[in-house]
Amino acid sequence: KSSDENKDNDDDNINNFGEHILLEDQAMTTIQNFFYIFQMIDASNMRNKIEQIQIVTSDFHMKRSKYNFDTMFYNEQDKTQIIGNSKEFNYDDSVHFAPSETEWKDEQEKNKKRAKEEKL
């Protein structure tokens with residue numbers, strides 16, 4: 001393809017990117033956030049079409065987010081994954097957690113929040 005055709009394809013991919021992002025805005029807790037997002041995935045009939053998952057959350061919140069995601073991702077009772085199946089969707093290759101840096105007003109606020117997070 002010509003460089004112009006490649007640029008057009010890149011522009012189309014960027015313009016359609018929003019169609020591939022699910023934004024959940026009902027949750028009051030981390031576990032609710034994943035509950036609602038998994039409901040959205042199920043309702044969209046995209047469960048078996050998802051290839052990659054990017055979870056972006058604050059750096060201090062990453063440990064809890066990963067725990068809650070993992071807890072809801074796999075149904076121990078019927079041995080199924082909420083997204084795809086273990087043959088087609090490999091968790092280790094397809095699920096990515098990306099921390100965003102949290103800005104703190106001071107070191108005291110940061111230490112207080114981290115201590116609280118560790119208790120959870």
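The values are calculated or read from the model by the stated rules, or taken from the named source; none is laboratory data. Everything quoted here is computed from the prediction, not taken from an experiment. Reconstructed Cβ throughout: ideal geometry from the backbone, glycine too, with neighbour counts over all protein chains shown. All accessible areas refer to the heavy atoms of the entire protein, side chains included, with ligands and DNA or RNA removed. Shrake-Rupley method; radii C 1.70, N 1.55, O 1.52, S 1.80 Å.
At-a-glance table
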| item | result |
| --- | --- |
| Matching entry among Phe89, Phe60 (being touching a Lys or Arg at 6+ places or on another chain (Cβ under 8 Å) and open to solvent by less than 50 Å² (accessible area, probe 1.4 Å)) | Phe60 |
| Segment 67-82: number of residues that are under 17 Å from Glu24 (Cα atoms) and either part of a loop (DSSP other than H, G, I, E, B) or in contact with a strand residue (DSSP E or B) (Cβ under 7 Å, 6 or more places away or on another chain) (or both) | 3 |
| Among the candidates Lys105, Lys63, residue that is out of contact with any helix residue (DSSP H, G or I) (no Cβ under 7 Å at 6 or more places or on another chain), in a helix (DSSP H, G or I) and not small (Gly, Ala, Ser) | Lys63 |
| Given (1) open to solvent by 70 Å² or more (accessible area, probe 1.4 Å); (2) among the basic types (Lys, Arg); (3) on the phi < 0 side of the Ramachandran plot, number of the condition Lys79 does not satisfy | (3) |
| Residue list for segment 91-120, restricted to those being of a type outside the set (A, V, I, L, M) and within 15 Å of the chain's Cα centre (by Cα) | Tyr91, Asp92, Asp93, Ser94, His96, Phe97, Pro99, Ser100 |
| Selection from segment 87-117 of residues that are farther than 12 Å from Glu51 by Cα and among the small types (Gly, Ala, Ser) | Ala98, Ser100, Ala115 |
